[in-house]
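Participant: Can you keep this structure in mind? I'll have questions shortly.
Read-outs: derived from the displayed coordinates by stated rules, not from any lab. Because the structure is predicted, anything quoted here is derived from the model rather than measured. FYI the Cβ positions are ideal-geometry reconstructions off the backbone, even for glycines, and counts take in every protein chain you see.
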Ligand code: CDP
C-alpha cells in the first residue's frame, strides 16, 4: 500500500518546526539549543583547555571529545542514566561529523569537550545534537571553516521523506532512517548513516532532499548565532 499522508500532515520534503537558541548555558564557553518538532537537544562546549592526563595530548593540534546522552525523562519508557552502546556510537559519529569544520591546529595539547543532552526525543536526536553542537562550537569562538547542519531523511512505506518523527520511524510496513550532515558552505557530507534498505536511486533522491532541508536548517542556525551577538 502506498504511503500517501504523513501523520502530522507535513509534505514529504518538509521538516518539523525548527527553533534554535545560542548561549543558553552561561557557565559554558559555548552553548546552544536546537529543537526540531518534539526533539530537543542542548549542547555545551568547554575549552580549549589543557588536556590531562598529559600522555593524551597532541603536540600538533587540540583534540575534540564528544559526549551524547539522553535524559531519563526524554522518552516515554524511562531511559536508564549513563552511557550505552548507542550513545557511544552517536558520540563517535557526532565527533566525526563536526571535526571536518574545526581548526584546532593553534590549540596544541588542549581538548575541546562538547556535551550533548537530549531533553525530549521524538527521533532524529543525533541530527538535532549535531546542529546544537555546531552552534555551541561557534559560540565558544572555536575557529571553524563552516557550520554543520544535519537532518534525518529516509523512506516510509514507498515514499522518500525528510525528518522522520518516531511515529514514522515505527511505521509498521517498514521505515528506513538515513541521518545526514552537511557543511552548508561547501555542500560536503560529514555524516551519512543508513538504518534499513534503500536503492541507489532512492539514496540519491534522499541526499538531494536532505541537502535542501539542511539549507533551511542552516538559516535558522545562522539567525540564532546572529541574535546572540546582535547588541
Ligand atoms: O534519535 P536518532 O533517530 O538519532 O537515533 P535512533 O537510535 O534511531 O533512535 C530513534 C528514536 O528512538 C529516538 O529519537 C527516540 O525517540 C527513541 N528512543 C527511545 O525511545 N529510547 C531509547 N533508549 C533510544 C531511542
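Participant: How are the alpha carbon pair distances in segment 167-231 distributed across 5 Å bins from zero to the largest one, expressed in percent?
Facilitator: Reading upward from the zero bin: 4, 15, 20, 20, 15, 12, 7, 4, 2, 1, 0.
Participant: Sticking with this structure for a sec: Just to confirm my numbers, what's the Cα centroid distance between segment 71-91 and segment 1-40 in Å?
Facilitator: First find each Cα centre; the distance between them is then 19 Å.
Participant: Label points 7 Å out from Cα along the Cβ direction at residue 170 and residue 103: separation in nm?
Facilitator: Output for this residue pair reads 4.7 nm.
Participant: Regarding the chain, what's the average projected area of the Cα-atom convex hull, expressed in nm²?
Facilitator: The number I arrive at for the chain is 13.5 nm².
Participant: Can you compute the FRET efficiency between residue 226 and residue 17 using 1/(1 + (r/R0)^6), with r the Cβ-Cβ distance and R0 = 25 Å? Round to the nearest 0.05.
Facilitator: Calculated value: 0.80.
Participant: Now a separate question. Which value in nm describes the separation of the simple spin-label points at residue 2 and residue 65, placed 7 Å from the Cα toward the beta carbon?
Facilitator: Placing both labels 7 Å along Cα→Cβ, they lie 5.3 nm apart.
Participant: If you don't mind, another one. If you scale each eigenvalue of the Cα gyration tensor by 5 and take the root, what three semi-axes come out for segment 1-123, rounded to whole angstrom and sorted largest first?
Facilitator: So the three semi-axes of segment 1-123 are 33, 16, 15 Å.
Participant: For labels at residue 84 and residue 24 in the simple 7 Å Cα→Cβ model, what's the distance in nm?
Facilitator: My value for the distance between the label points is 2.2 nm.
Participant: Segment 164-216 to segment 118-153: how many Å between their Cα centroids?
Facilitator: Using only Cα atoms, the two centres lie 16 Å from each other.
Participant: Further, regarding this structure: Give the relative contact order (percent, whole number) for the chain; include only Cα pairs under 8 Å separated by 6+ residues.
Facilitator: The normalised contact order for the chain reaches 23 percent.
Participant: Kindly provide the helix-only [θ] at 222 nm of the chain, computed as the sum of -39,500 (n - 2.57) over DSSP H runs of four or more divided by all residues, to the nearest 500 deg cm²/dmol?
Facilitator: About -9000 deg cm²/dmol.
Participant: Would you mind telling me which residue in 115, 73, 182 has the biggest mean-square fluctuation in a Gaussian network model of the chain, where springs connect alpha carbons within a distance under 10 angstrom?
Facilitator: Of 115, 73, 182, the most mobile in the Gaussian network model is 73.
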